[in-house]
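The values are calculated or read from the model by the stated rules, or taken from the named source; none is laboratory data. Everything numeric here is computed off the predicted structure, so don't read it as measured data. Methodologically, a virtual Cβ is constructed for each residue, glycine included, from the backbone with ideal geometry; neighbour enumeration extends over all protein chains shown.
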Amino acid sequence: MMAFLLLCVGLAGLWWGTELAVRAAIRIADARGLSQAFVGMTILAIGTDVPELVMSIVAGIERLQGIETSGIVVGSAVGSCLGQIGLVLGIAGLTGYLTLKRSRIWTDGVMLLGSIVLFGLVLFDGEIDRVEGGLLITIYVIYFLLLIRREQRSETRAKARSIPWREGLQCALGLTLVAGFSHLVLSSALTLADSWGLKQTVVGIALIGVGTSLPELALSISAVRKKAGGLSVGNILGSNIFDMLVPPGFAALIAELSIDAAQVLALDLPVLFLISLLALIFFTKKRGLQKIEAASLLLAYLVYAVLRVAW
């Protein structure tokens, strides 16, 4: 019981630290005249994924010390992506109207599906070694540089202004809180996995993955209410691409990951791919993702959750 309470405290701390960091990052991006789409795909996506990244790095360090954490790393990455594309996007779509430019479907959307396939390929043998971890990170760096290049070519950039020092300080404070609470989440999750007799991947998907999606949920709903749906969609797509490539990549660079990947490959990744594809198909429609489409994504996620528990 104490481990579960500590896990809840840790997730709340992750949410608090991420909120501080991301809000400051948004104001910094606004001061620099960056577009809404770019902020969502990069600043918000990376900012809200700091918990997953820090936790994966901590997990990699602990694995070097002889503590098995591979299942937590893989489970939290897959669970976070499923929570964002099914739960977060579904709830955000129920609160407002979401659209995605067709050009971004063929760039960012294809990148999202490709990252899922790539993750499945490197995990196919049940291991992610340092070379494969480096490959995952390299692919994301190339994609990130292409996003920057696309932003630089944009003709809609606003005039840049100076950045207040308080924003930088708040961002640093938020990241520090995230780093501290990530260790608490990881240690309590490992304790729960042992005491409840659960696989680490289940704990990562069901508890950590969903819990670390809370910042995206809060920001997405806030963005929709402020008529900034582009931030919400960009945040979710960017977060999922980041989660599939960077956190497991860094963890594997520190200490090679090794898990029984049968269930992940047979159920979790195929469901993630299909729900992501379904969301992109909805965005190809002229009216975009409205309440009926959002409810479909949410229902698909809930059906998956029931199947995962039954499995």
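Out of region 3-20, which residues are small (G, A, S) and surrounded by fewer than 22 Cβ atoms within 10 Å (Cβ to Cβ)? Full working, then the answer.
Step one: filter region 3-20 for residues small (G, A, S), giving 3, 10, 12-13, 17.
The answer is A3, A12, G13.
Could you say whether any residue in region 98-113 is at pLDDT below 90, of a type in the set (D, E) and either surrounded by fewer than 24 Cβ atoms within 10 Å (Cβ to Cβ) or farther than 20 Å from V54 by Cα (or both)?
First, the residues of region 98-113 that are at pLDDT below 90: 98-107.
Adding the requirement that they be of a type in the set (D, E) leaves none.
Checked region 98-113: no residue is at pLDDT below 90, of a type in the set (D, E) and either surrounded by fewer than 24 Cβ atoms within 10 Å (Cβ to Cβ) or farther than 20 Å from V54 by Cα (or both).
Is it the case that R149 is over 30 Å from V58 (Cβ atoms), at pLDDT 75 or above and assigned to a helix (DSSP H, G or I)?
Details: over 30 Å from V58 (Cβ atoms): yes; at pLDDT 75 or above: yes; assigned to a helix (DSSP H, G or I): yes.
Spelling it out, R149 is indeed over 30 Å from V58 (Cβ atoms), at pLDDT 75 or above and assigned to a helix (DSSP H, G or I).
Go through (1) modelled with pLDDT of 85 or more; (2) among the β-branched types (V, I, T); (3) crowded, with 22+ Cβ neighbours inside 10 Å one by one and return the number of the condition T48 breaks.
With (1) modelled with pLDDT of 85 or more; (2) among the β-branched types (V, I, T); (3) crowded, with 22+ Cβ neighbours inside 10 Å applied to T48, the lone miss is (1).
Return a yes/no flag: does region 264-286 have any residue that is buried (at least 22 other Cβ atoms within 10 Å of the Cβ), in a helix (DSSP H, G or I), in contact (Cβ under 8 Å) with a residue 24 or more places away in the chain and in contact with a strand residue (DSSP E or B) (Cβ under 9 Å, 6 or more places away or on another chain).
yes
Of all residues being within 22 Å of L280 (Cα to Cα) and small (G, A, S) in region 114-126, which is surrounded by the fewest Cβ atoms within 10 Å (Cβ to Cβ)? Just the residue, please.
Among those that are within 22 Å of L280 (Cα to Cα) and small (G, A, S), it is G114.
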